[in-house]
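Peer 1: Please see the structure below; I have some questions.
Derivation of every value follows stated rules applied to the coordinates shown; laboratory data play no part. This structure is a prediction, so every number in the text was calculated from the model and none was measured. Neighbour counts run over all protein chains shown; Cβ positions are idealised from the backbone, glycine included.
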Amino acid sequence: MSKSVSPGEALERIFEVIREEAAANPTFARRLLDAADITVVFSGPDAVKVADPIFIAARADYASFRESFIGFTEKDLKSLIKGFALATDEQIKGVKTKPKQGGLVDLMWEGAKRKLDERRVR
């Protein structure tokens, strides 16, 4: 049997396990973020693995959505747009904003809102 610890220490150990699992498991991290119901600004190399633009569009306004994704690279934004089928290749190529990330985030917002509308109709 392990030694006795304070409630604070026990909680710290539990939260450390949760942090480690979230860092190693993007699906688990996404579930935690979903449960938090707050605006999350994604960053780092694994951000694209846990970001779900449709889910975020359902819970956030445009400004919060934009804040969550504006830091992504052009490549990662295109990957999200294609992965979630939010726009066609032609629409992606049609983005002419400078920097391009702003236009891609707008395109992703429009696609995510369209997907949500389609789900409501069903």
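Peer 1: Computed over the Cα atoms, what is the radius of gyration of the chain divided by 2.2 N^0.38 Å, N being its residue count?
Peer 2: Scaled against compact globular proteins, the figure is 1.31.
Peer 1: What does a probe at LYS100 reach in region 51-70, counting residues whose amide N is under 17 Å from the point 7 Å along Cα→Cβ?
Peer 2: Residues passing the 17 Å test: 70.
Peer 1: Along region 83-93, what does the Karplus equation 6.51 cos²θ - 1.76 cosθ + 1.60 (θ = phi - 60°) give for ³J(HN,Hα), rounded to whole Hz, x for Gly and Pro?
Peer 2: x, 9, 6, 8, 7, 7, 4, 5, 5, 5, 5
Peer 1: When the chain is fully extended, how far beyond the present Cα-Cα distance does THR73 get from LYS3, taking 0.36 nm per residue of separation?
Peer 2: 20.4 nm
Peer 1: Right, something else. Nearest 500 deg cm²/dmol is fine: what mean residue ellipticity at 222 nm does the chain get from its DSSP H runs of n ≥ 4 alone, each adding -39,500 (n - 2.57), divided by its residue count?
Peer 2: Result for the chain, helices only: -21000 deg cm²/dmol.
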